[in-house]
Amino acid sequence: MMFKEMRVSADASQLISLATFASAAAKEAGFDRKQTWRIELAVDEACSNIIEHAYSGQKGGWITLKIAIEPNEWMQIVLEDQGKGFDPTKIASVTPITSLDHARIGGMGVHMMRTIMDEVKFEFKIPYIGNRLTMIKKV
């Protein structure tokens, strides 16, 4: 098993670094190009949500990205932050888009993460840690 970790400021300028780190780990885990891109997308969305919602765009926060890999079996991605938590059960369900005129902007991130990944778990107010998002994808 392999472990990787990085910690960056919760700033949009760090999104490429976080996504690239996750993408490289996905390749090491044995995912093909399409699945690697999807994993990168899920990580980018999760980190964007942390920056925008948990920290409300305020400077000074951190995002910790921890990755565990069992090559050719699975990949676990853990994101931790100390921002505001939220109740994932209160997220509106996704309505299929029938027309771009009626499509809403935003609100698809958690649904997308749950669609891409095999497991998604949110934890909030963990002592000495804050919030934790764990996502698992099997090869």
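The values are calculated or read from the model by the stated rules, or taken from the named source; none is laboratory data. No experiment lies behind these values; they were computed from the predicted model shown. All Cβ positions, even for glycine, are placed from backbone atoms using ideal geometry, and neighbour counts span all protein chains on display.
Name every residue in the stretch 5-48 that is in a strand (DSSP E or B) and either on the phi > 0 side of the Ramachandran plot or of a type in the set (Val, Ile, Thr) (or both), in order of residue number. Val8 - this is the single residue of the stretch 5-48 that is in a strand (DSSP E or B) and either on the phi > 0 side of the Ramachandran plot or of a type in the set (Val, Ile, Thr) (or both). For the stretch 117-134, check the following and say yes or no: at least one residue is in a helix (DSSP H, G or I) and either loosely packed, with under 12 Cβ neighbours inside 10 Å or modelled with pLDDT of 80 or more (or both). No, because not a single residue in the stretch 117-134 is in a helix (DSSP H, G or I) and either loosely packed, with under 12 Cβ neighbours inside 10 Å or modelled with pLDDT of 80 or more (or both). As a summary of the residue check, Ile67 satisfies the conditions (1) over 11 Å from the mean Cα position of the chain (by Cα); (2) assigned to a helix (DSSP H, G or I) except for the one numbered (2).
Residues that are of a type in the set (Phe, Trp, Tyr) and either buried (at least 21 other Cβ atoms within 10 Å of the Cβ) or farther than 19 Å from Arg114 by Cα (or both) occur in the stretch 60-68; there is at least one. When Ile39, Ile91 are checked against the criterion of being within 13 Å of the chain's Cα centre (by Cα) and either closer than 20 Å to His111 by Cβ or of a type in the set (Val, Ile, Thr) (or both), a single residue qualifies: Ile39. Being modelled with pLDDT of 95 or more, small (Gly, Ala, Ser) and within 14 Å of Leu133 (Cβ to Cβ) is the requirement here; does Gly109 meet it? It is false that Gly109 is modelled with pLDDT of 95 or more, small (Gly, Ala, Ser) and within 14 Å of Leu133 (Cβ to Cβ).
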